[in-house]
1. Yes or no: Thr38 polar (S, T, N, Q), more than 27 Å from Asp82 (Cβ to Cβ) and under 14 Å from the mean Cα position of the chain (by Cα)?
2. Any residue in segment 37-46 that is part of a loop (DSSP other than H, G, I, E, B) and under 28 Å from Ile201 (Cβ atoms)?
3. I'm trying to understand the selection: among the residues of segment 169-189, which are touching a Pro at 6+ places or on another chain (Cβ under 7 Å) and not in a loop (DSSP other than H, G, I, E, B)?
4. How many residues, within segment 8-25, are assigned to a loop (DSSP other than H, G, I, E, B) and open to solvent by less than 10 Å² (accessible area, probe 1.4 Å)?
5. Confirm whether Ala194 is more than 21 Å from Ser27 (Cβ to Cβ), in contact (Cβ under 8 Å) with a residue 40 or more places away in the chain and surrounded by fewer than 19 Cβ atoms within 10 Å (Cβ to Cβ).
6. Within segment 169-178, which residues are touching a strand residue (DSSP E or B) at 6+ places or on another chain (Cβ under 7 Å) and open to solvent by less than 60 Å² (accessible area, probe 1.4 Å)?
7. All but one of (1) in a loop (DSSP other than H, G, I, E, B); (2) modelled with pLDDT of 95 or more; (3) in contact with a Gly (Cβ under 9 Å, 6 or more places away or on another chain) hold for Asp82; state the number of the condition that does not hold.
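The values are calculated or read from the model by the stated rules, or taken from the named source; none is laboratory data. Being a predicted model, the structure only gives us computed values, none of them experimental. So basically every Cβ, Gly included, is an ideal-geometry build from the backbone, and we count neighbours across all protein chains shown. Remember, those area values only see protein heavy atoms, side chains included, never the ligands or the DNA or RNA. Shrake-Rupley method; radii C 1.70, N 1.55, O 1.52, S 1.80 Å.
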Amino acid sequence: MKTVKGSAIFYENSRMRAVITGLDRPSDNVKTGRMGQTFMLKKQYPARDVKGAGCKGCPVWKECYVNWGQAPAAVHRTAEADRYAFLGAKEEERLSDIPLRIGSAGEPTSVPYGVWKKLLKLSPNWTGYTHKWRLPKFQNFKEFCMASVHSVEEAEEAWAMGWRTFRAGGEDEPSKREIECPNSTKGIQCADCALCKGSAIKAKSIYIKGHGPWWKKGEKK
């Protein structure tokens, strides 16, 4: 069986694997634009009660916006069928032209810092977010990830620890240390924005109104 072009495993251990996809055909997601995707998945079929690698303990476990039965499930099936090669020279060369989405599904901190460091040196741009920003062992991830927060109080806690933040919901407007997501205000796609890349850029933190299917259902105010 042939391997899938433009996709590769870039990290794996006994419990999980991390897969990059879309290097030949980047996602045409309306918000993100054409970006490569990364999936951190357990070696068991993803579902809402399983989710991805590193997701345990996430503060929005029940409200997760990821549809685990769609793209993550397809990536899992393809990996189980042994159709992904490991990251090689061809994929690394392609990465030089493709902005990267850190954590399309799963928690970025489930992959070692050094692996991301090497990967991001190859990419011209990226977005990254983590809910594990409070944990001492993951403080180095602030270099390329935003702290995912859901209130100004949480944002202030993260700022005191040296993080830039991405706040979804909570108070209905940006604070003095935030700007509203440029996609919301100007229609700029993530692939072109370059603001959600942690301390790799010096800029205000980002606020966006609550998003995802759980907000539409009124589960968050």
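1. no
2. No; the residues of segment 37-46 include none that is part of a loop (DSSP other than H, G, I, E, B) and under 28 Å from Ile201 (Cβ atoms).
3. Glu180
4. 1
5. no
6. Correct list: Pro174, Glu178.
7. Failed condition: (3).
Yes/no per residue for (1) over 19 Å from the mean Cα position of the chain (by Cα); (2) of a type in the set (Phe, Trp, Tyr); (3) closer than 29 Å to Ala168 by Cα; (4) at pLDDT 95 or above:
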| position | (1), (2), (3), (4) |
| --- | --- |
| Asn13 | yes, no, no, yes |
| Gly22 | no, no, yes, no |
| Gly57 | no, no, yes, no |
| Val75 | no, no, yes, yes |
